[in-house]
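One structure is given below, encoded as structure tokens.
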Amino acid sequence: MKKWIVMAILALVVGLLAACGGGGNQQKAETKKIIVGASAVPHAEILKSVQDKLKAQGVDMEIRVFNDYVLPNKALEDKQIDANYFQTTPYLDDFNKKHGTHIKALDGIHLEPMGLYPGKETAKQPKKGAVIAIPNDVSNGARALKLIEAQGWFKLKAGKPLNELTQKDIVENPNNIQIKEMEASMLPRAVGEVDYAVINGNYAMEGGLTPDKAIAMEKKDSEAAKTFANIIAVKEGDENRDEIKKLIAVLKSEDTKKFIQEKYKGSVIPVF
């Protein structure tokens, strides 16, 4: 009888150990990895702030930093990454149209107010023939033009959709302002070579430019602010992946809102 009791106990222990081992393998199998492409500041920093929280939910996120506005979408289209976080919906719509890509905008996370920064000139009224550098992509270029117009420096054609405006739509230009279009990432380094520059928030931060140094910033209640929130984007067909939903949920948490507000002090504004 004692022998049978001992054998029964041993069998029970072995079973429990096997169950524990199987549970561990199951847990490991449930952990999924995603790669998210992002601009270095603030996108990658915001992603890093939720990395541990996401891992606790079974999603191991690798953050891949890109230094321009083209490669993150090409990498997403080619499925080298699972999502990206660097762009606005108007920019993405234009990119899809031009490149034949199939990328879908999901939730907006934050706004980076564009700033009009002094270069060679510091006056709040431009001299005749002043040269202002702006981003060379359609959506960010349009934002830049609206910000300049808001200062009364020139006037744009009325009634045209914001994300379709170009410098050809300047209808009144009493100071003969010259617009110089440049790659957005180059603007912080080029600001000293022009009279003024309108710079995206992330590139301004990378270049050490803060809102207090700007002549003007986009307002929270501006048309641009309502249109140009920075979004999570995925390849079409991946919208309902569980790990993507978890990523968006942790990004739109109160903890993330507090992180953005405390770290960036107005240079980045949560939109959720």
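Taken together, the values in this text are just the output of simple stated rules run on the coordinates, not laboratory data. Quantities reported herein were computed from a predicted structural model and do not represent experimental measurements. When we count neighbours, we look across all protein chains shown, and the Cβ atoms used for this are built from the backbone with ideal geometry, even at glycine.
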Largest-first ellipsoid semi-axes for segment 55-175, taking √(5λ) over the Cα gyration tensor eigenvalues, angstrom: 34, 17, 12
Using distinct alpha-carbon pairs, which all enter the 1/r mean, Kirkwood radius of segment 123-170 in Å: 11.2 Å
From phi via Karplus (6.51, -1.76, 1.60), per-residue ³J(HN,Hα) for segment 78-86 in Hz, x at Gly/Pro: 8, 6, 7, 10, 9, 7, 9, 8, 6
Gaussian network model of the chain, springs between alpha carbon atoms under 10 Å - residue of Pro113, Pro126, Pro90 with greatest fluctuation: Pro126
Those lysines that a straight Cα-Cα span of less than 18 Å connects to Lys120, excepting residues fewer than 8 apart in one chain: Lys128, Lys180, Lys213
Amide H contacts of Phe66 (H built 1.01 Å from N, under 5 Å, at least 5 apart or other chain): Ala38, Ser39, Ala40
Cα pair distances in segment 199-261, grouped into 5 Å bins until the bin that holds the longest one, percent each: 3, 12, 15, 19, 21, 15, 9, 4, 1
Cut-off under 5 Å, modelled amide H: who pairs with Ala216 long-range: Leu116
Cβ-placed point charges (K, R +1; D, E -1), dipole of segment 184-224 about Cα centre in debye, nearest 20: 100 debye
Point-charge dipole on Cβ atoms (K/R +1, D/E -1) for the chain, about Cα centre, debye to 20: 540 debye
GluC sites (Glu not before Pro), loop per DSSP, at most 14 other Cβ atoms within 10 Å - longest free stretch of the chain: 1-182
In degrees, nearest ten, helix 254-264 long axis to first principal axis of the chain (Cα): 40 degrees
Residue among Ile35, Asn202, Gly58 farthest towards the positive dipole end of the chain, charges placed on Cβ: Gly58
Computed over the chain: relative contact order in percent, which uses C-alpha pairs under 8 Å that are six or more apart: 26 percent
Choice from Met217, Met61, Met186 showing the highest fluctuation, given a GNM over the chain with Cα pairs closer than 10 Å: Met186
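Would you please name the trypsin sites (Lys or Arg not before Pro) within segment 139-207 that are DSSP coil residues with at most 14 other C-beta atoms within 10 Å of their C-beta?
Those that pass, being in a loop and sparsely packed, are Lys157.
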Order of Thr166, Thr122 - criterion: other Cβ atoms within 10 Å of each residue's Cβ, fewest first: Thr122, Thr166
Percent of beta bridges antiparallel (DSSP, the chain, rounded to nearest 5): 50 percent
Segment 60-84-segment 210-259 distance, computed between alpha-carbon centres (Å): 16 Å
Relative compactness, the chain, computed as alpha-carbon Rg over 2.2 N^0.38 Å: 1.33
Share of Cα-Cα pairs in segment 150-203 lying beyond 13 Å, as whole percent: 66 percent
Additional length obtainable on full extension of the chain from His99 to Asp60, 0.36 nm per residue less Cα span: 11.0 nm
DSSP beta bridge pairing in segment 115-218, given as percent antiparallel to the nearest 5: 55 percent
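Largest first and in whole Å, what are the equivalent-ellipsoid semi-axes of segment 115-218 based on the Cα gyration tensor, each being the root of 5 times an eigenvalue?
20, 16, 12
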Residues of type aspartates and glutamates that Lys265 reaches as a straight line, Cα spacing below 19 Å, ignoring anything fewer than 8 places off in the same chain: Glu45, Glu112, Glu206, Asp212, Glu218, Asp221, Glu254, Asp255
Sorted by Cβ density within 10 Å, fewest first, the residues Tyr91, Tyr69: Tyr69, Tyr91
